[in-house]
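Worksheet: the structure to be examined is printed underneath.
The values are calculated or read from the model by the stated rules, or taken from the named source; none is laboratory data. Only a predicted model underlies this, so the values are computations on that prediction, with no experimental measurement involved. All Cβ positions, even for glycine, are placed from backbone atoms using ideal geometry, and neighbour counts span all protein chains on display. Note: areas computed on protein heavy atoms with side chains; ligands, DNA, RNA excluded. Shrake-Rupley method; radii C 1.70, N 1.55, O 1.52, S 1.80 Å.
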Amino acid sequence: MAQTQDPALELAGISKDFLGVRALAGVGLRLFPGEIHALMGQNGAGKSTLIKVLTGVYPADAGTITLHGHPVRPRSPLEAQRLGISTVYQEVNLCPNLSVAENVFAGRYPRRFGAIDWKAMAAQARALLARLNLEIDVTRLLASYPVAVQQMVAIARALSVSARVLVLDEPTSSLDDDEVQRLFGVLRKLRGEGMAILFVTHFLDQVYAVADRITVLRNGALVGEYPVGELPAPALIAAMVGRELAARRSPQQPPAAWERGAAPLLELRGLGRRGVLQPADLAVRPGEIVGLAGLLGSGRTELAQLVFGLQRPDQGQLLLKGQLRQVETPAAAVALGMALLPEDRKTDGIVGELSVRDNIVLALQGRRGVWNQLSAPEQQRLAERFVRALDIRTADVDTPIGLLSGGNQQKALLARWLATQPLLLILDEPTRGIDVAAKQEIMDEIARLAAEGMAVLFISSEVDEVVRVSHRIAVLRDRRKVGELPAGCGEQDVYHLIAEQA
Ligand SMILES: Nc1ncnc2c1ncn2[C@@H]1O[C@H](COP(=O)(O)OP(=O)(O)OP(=O)(O)O)[C@@H](O)[C@H]1O
Ligand SMILES: [Mg+2]
């Protein structure tokens, strides 16, 4: 068993402060060859910071790193890579306007007679991606592929160096079940070859599916290190949160008003676009949460984009409060009272160098126009209210949002759209990267807003979440709506409906 060997990597007494904010306080971590180790903790617990210290992004204020018995102090990710530590960071930091192959080999292009050997590069990139069962054109721009593929490319990049330690910060957040299984297959194979793998996730089931041991952080401190068999899910959650978590709410009950036939707020009549989404009918009433379920690529995001003016429908009609509307741009959608929390927060979302406050008020300001701006104290109040309501962990609202942990950035983005008090809120994967406790709080907040009359379109790859929160579920498959299910249906009903259409 792994523990009889010496650790491949050992961190001891690691501390890190950011301008008075203590991100890590004396944290230790041991990683053995041939193990998959889950690093767990709530949003802001210090997971990414620990990884960045380990991989030379930040220097530690205190503590030691020992790699195969030798003290090391990598000063950059490149140096860490040379030492044999390969990393996929939480923020996919690839170049969208380079090709897939260039991204895989950025900084270490294969050369032949001094010149870059493009042919070899493409061939090697194809071979690496084939290990992940991904067959794509590696000469195309990375940006032309969906987030999930980009994620896989980041992983291929990490695998392209012969590392003995592989670190993955939330690698599965954009992947669907099949892709997760594929990635786990690769990780198990690498484990078999003796690699030490550290892996951060907010999906508890994944921990139990693939990890051998778990290290838990809370508020920048080490809670403990456990063999996975000794830490069942409730104990893991208690270790992360510091208390037992209340039981989950029961499924939604539709408001009584609907039985008397409330008029839809949003109605789609055969709305579609060739190659994007087959004509679909859908109605969402005020106060109703309609879930969109389906596998990755089933057309959920595309449906949201057609409604929100991010793509033009070429057939069908869209009615808002019974009135026929042509929503040609997102700005038009916002003016009509819609809001969309996009799937990809890095490209469509946060403005990293702006403050938490500016990021939160951004959409509301946009809607009010230049002549009707919120005053500084109004902005301050609004931002502080949402920081409290969503428990966004930040020193204050002046902090640049880029300095927040991933999950807390996601909460601030949600706040931006909630602040517009939309009639219709479209949420595309709103709880991606959000920890278990915060997830429940966010879903409660959304249910509360719906109870006040907001209509919600809720997209999530986590079918259990869709089932729990929705009043009604529209199921998509292969860019087609294949049916609807009422509140109270189970996950299995959704999967059956998808499978029936195969
Ligand atoms: N560059 C930075 N400057 C200032 N504060 C930072 C910086 N990076 C991280 N922090 C702070 O350190 C703390 C830990 O953040 P970290 O990103 O490590 O959390 P995490 O456990 O990865 O959370 P998540 O699950 O949300 O990704 C947070 O309070 C965060 O705001
Ligand atoms: Mg993180």
- Message: Quick check: the angle from helix 356-368's long axis to the longest principal axis of the chain, C-alpha only, nearest 10 degrees?
- Response: 30 degrees
- Amide H of residue 460: which non-local residues (sequence gap of 5 or more, or other chain) have their own amide H closer than 5 Å, using H built in the peptide plane? 292, 429
- Lysine pairs within the chain, Cα separation less than 23 Å, 8 or more sequence positions apart or different chains: 11
- Just check the stretch 333-433 against the gyration tensor rule for me: Cα atoms, a ≥ b ≥ c as the square roots of the eigenvalues, rounded for a/c under 1.5, and otherwise prolate or oblate depending on whether a/b exceeds b/c. oblate
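Under a point-charge model restricted to the Cβ atoms of Lys and Arg (+1) and Asp and Glu (-1), what is the dipole moment magnitude of the stretch 356-421 relative to its Cα centre, in debye to the nearest 20? Walk me through the numbers before you get to the answer.
Numbers: 9 positive and 6 negative charges, 43 e Å.
It comes to approximately 200 debye.
If you count only protein heavy atoms with a 1.4 Å probe, what accessible area per residue comes out for the chain, rounded to a whole Å²? Don't skip to the end; give the middle numbers.
Working: 21850 Å² over 502 residues.
Ligands and nucleic acids excluded, the result is 44 Å² per residue.
Would you work out the relative contact order for the chain, in percent, from Cα pairs under 8 angstrom that are 6 or more residues apart?
Numbers: 1000 pairs, mean separation 78.9, N = 502.
For the chain, the relative contact order is 16 percent.
Please report, as a whole percent, how much of the solvent-accessible surface of the stretch 48-190 comes from carbon and sulfur atoms (probe radius 1.4 Å). Walk me through the intermediate numbers first.
Details: 3480 of 6590 Å².
Carbon and sulfur: 53 percent of the exposed surface of the stretch 48-190.
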- Give the calculated FRET efficiency between residue 18 and residue 447 to the nearest 0.05, with a Förster radius of 25 Å applied to their Cβ-Cβ distance. 0.15
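So if a site counts as exposed when it's one of the trypsin sites (Lys or Arg not before Pro), its DSSP state isn't H, G, I, E or B, and it has at most 13 other Cβ atoms within 10 Å, what's the longest stretch of the chain without one?
On the way: sites that count: 75, 108, 140, 243, 248, 249, 274.
Counting only loop sites that pass the neighbour cut-off, the longest clear stretch is 275-502.
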- Message: Starting from the 7 Å offset along Cα-to-Cβ, what nm value, one decimal, do you get for the label separation of residue 130 and residue 421?
- Response: 5.9 nm
- Item | Per-residue ³J(HN,Hα) for the stretch 23-33, Karplus 6.51 cos²θ - 1.76 cosθ + 1.60, θ = phi - 60°, Hz, x for Gly and Pro | 8, 9, 10, x, 8, x, 7, 10, 10, 9, x
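List the longest stretch of the chain that has no exposed loop site; here a site is one of the GluC sites (Glu not before Pro) assigned by DSSP to anything other than H, G, I, E or B, with at most 12 other Cβ within 10 Å.
On the way: sites that count: 135, 193, 244, 328, 353, 452.
Result, exposed sites excluded: 1-134.
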- Item | Label point distance in nm, residue 269-residue 91, each placed 7 Å from Cα along Cα→Cβ | 4.6 nm
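So, R0 is 51 Å and r is the distance between the beta-carbons of residue 241 and residue 144; what FRET efficiency does that work out to, to 0.05? Present the calculation step by step, with values, prior to reporting the outcome.
Values: r = 41 Å, r/R0 = 0.79.
FRET efficiency, residue 241 to residue 144: 0.80.
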- Carbon and sulfur together cover what percent of the accessible area of the stretch 356-421 at a 1.4 Å probe radius? 50 percent
- Message: Whole-Hz ³J(HN,Hα) for each residue in the stretch 458-463, computed from phi via Karplus 6.51 cos²θ - 1.76 cosθ + 1.60 with θ = phi - 60°, x for glycine and proline: what do you get?
- Response: 10, 10, 8, 6, 8, 4
- Any idea what angle helix 118-131 forms with the longest principal axis of the chain, computed on alpha-carbon atoms, 0 to 90 degrees, nearest 10? 80 degrees
- Task: Relative to the longest principal axis of the C-alpha atoms of the chain, give the angle of the C-alpha long axis of helix 436-451, reported between 0 and 90° and rounded to the nearest 10°.
- Result: 10 degrees
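Where does the chain land on Rg(C-alpha)/(2.2 N^0.38 Å)?
Numbers: Rg = 23.4 Å, N = 502, 2.2 N^0.38 = 23.4 Å.
So the Cα radius of gyration is 1.00 times the expected 2.2 N^0.38 Å.
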